[in-house]
1. Identify, please: which residue in the stretch 246-264 is at pLDDT below 95 and touching a Ser or Thr at 6+ places or on another chain (Cβ under 7 Å) and is, among those, surrounded by the fewest Cβ atoms within 10 Å (Cβ to Cβ)?
2. When you scan the stretch 188-201, do you find a residue that is touching a Pro at 6+ places or on another chain (Cβ under 9 Å), farther than 17 Å from GLY339 by Cβ and among the small types (Gly, Ala, Ser), even just one?
3. Filter the stretch 1-37 for residues that are surrounded by fewer than 23 Cβ atoms within 10 Å (Cβ to Cβ), small (Gly, Ala, Ser) and in a loop (DSSP other than H, G, I, E, B); which is nearest to the chain's Cα centre (by Cα)?
4. Filtering the stretch 225-242 down to residues that are more than 27 Å from HIS14 (Cβ to Cβ) and crowded, with 20+ Cβ neighbours inside 10 Å, which residue is farthest from the chain's Cα centre (by Cα)?
5. Can you pull out the residues in the stretch 293-335 that are in a loop (DSSP other than H, G, I, E, B), closer than 25 Å to ALA179 by Cα and either at pLDDT below 95 or not charged (D, E, K, R) (or both)?
6. Any idea which of GLY337, GLY291 is surrounded by fewer than 16 Cβ atoms within 10 Å (Cβ to Cβ) and either small (Gly, Ala, Ser) or in contact (Cβ under 8 Å) with a residue 24 or more places away in the chain (or both)?
7. Condition test on VAL284, is it surrounded by 23 or more Cβ atoms within 10 Å (Cβ to Cβ), in contact with a Lys or Arg (Cβ under 8 Å, 6 or more places away or on another chain) and either on the phi > 0 side of the Ramachandran plot or in the same structural domain as GLN218 (by TED's automatic domain parsing) (or both)?
8. Pairs please, first residue from the stretch 193-212 and outside the structural domain of LEU257 (by TED's automatic domain parsing) and under 19 Å from ILE309 (Cβ atoms), second anywhere and of a type in the set (Asp, Glu) and surrounded by 24 or more Cβ atoms within 10 Å (Cβ to Cβ), Cβ atoms under 9 Å, 6+ apart in sequence or on different chains.
Amino acid sequence: MATVVFAGGGTAGHIQPALAVAREWKKLHPLDICLFIGTAKGLETTIVPEAGFDLRIIPKVAIARRPSFSWLKIPFDLVSSIVSCRKILAGSDLLIGFGGYVSAPAYIAARTRRIPIVIHEANAKPGWANKVGAVFTPHLAVAHPVEKGRFSNALLAGLPLRSDVSAAYEDATKDWTVARTQAKTRLGFKPTDPLIFVMGGSQGSVAINTVIENSLDQFQKHGYSVLHSVGRLNQLPASSHGYQAVSYVDQMADAYLAADLVISRSGAVTCSEFRALGRYALFVPLPIGNGEQMVNATSLVDAGRARVIDQKQFTVSYIKENIEGLIFESSQSSVSGTGEDLMAAEKIVALAEFALKK
């Protein structure tokens, strides 16, 4: 019996792939112990326990994006997190990391305990935490090809999908047109009206929300329905005819299937789930970070399934001038999704089993 520790917290983009791999590991090794490392302020505090896994808390290493006096605390916070990770990893057999603030101290702690490390990078441009971890292990997997650096030779595994998304894909392959119509009906929208699904990531986006709320007259003018996920931390606008505002979409697979157009950020998980179930998207990448969201959407743009614009270009005027064209482009794109990520969790588990036996 082995103990496998998963590191990847903060956002759904790190947590959901980790949960998918953990479920696959437990399916193949039901007697093994799987536990997660997280921080007290990340989404993992609710998502991981709800999924039935044990969560251990470590201090967060907060790094401001711009130089500040808070940077002076980083070495002390890092040491504290590494010490906490070492305690959690005592007696463990394997660490599987997915990036984010939680992962860097976990990688260092695992290295000091000589515990094998497996790393999965979801973004097309690897993040700093996984770059640190990659120094300590050859067991690397990626969701997208990486042109240079240690991840250029990694296993191309894809990005593990949530169980509801993979199940929806399998069901939709019977008849994609019927599946999309039925999903629209289940969400309470008219099957004949084009549906726009808007979301700004797991936390929502004030910038996207503001433009959408100020463009309702344009959507109503053309007879478009809108499902708008504003994010749990943002104020919920009043719903009206054809416009449904929610804090969070529980039926995410239905939302992807039902939408004629998705307007969203282009995080790794969003792109992967859209690739499986979506039809056409307008991506507005997060303007901070290392530019990974712009790169994440490249393959979908190349496949004719998406358009990408900078946040500063995403305005009420842009919606007014382009919304009809976007809906038309959607009608010309393939009605089918793509199943290239369906086996990602299995591939990462196979790599982890190999690392464990080395």
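The values are calculated or read from the model by the stated rules, or taken from the named source; none is laboratory data. Just so it is clear, the structure is predicted and the values come from calculations on it, not from any experiment. Methodologically, a virtual Cβ is constructed for each residue, glycine included, from the backbone with ideal geometry; neighbour enumeration extends over all protein chains shown.
1. Filtering first and then ranking leaves TYR248.
2. Checking the stretch 188-201: not a single residue is touching a Pro at 6+ places or on another chain (Cβ under 9 Å), farther than 17 Å from GLY339 by Cβ and among the small types (Gly, Ala, Ser).
3. Going through the qualifying residues, I end up with GLY10.
4. That would be SER225.
5. The answer is ALA297, ALA303, GLY304, SER333, SER334, VAL335.
6. GLY291
7. yes
8. none
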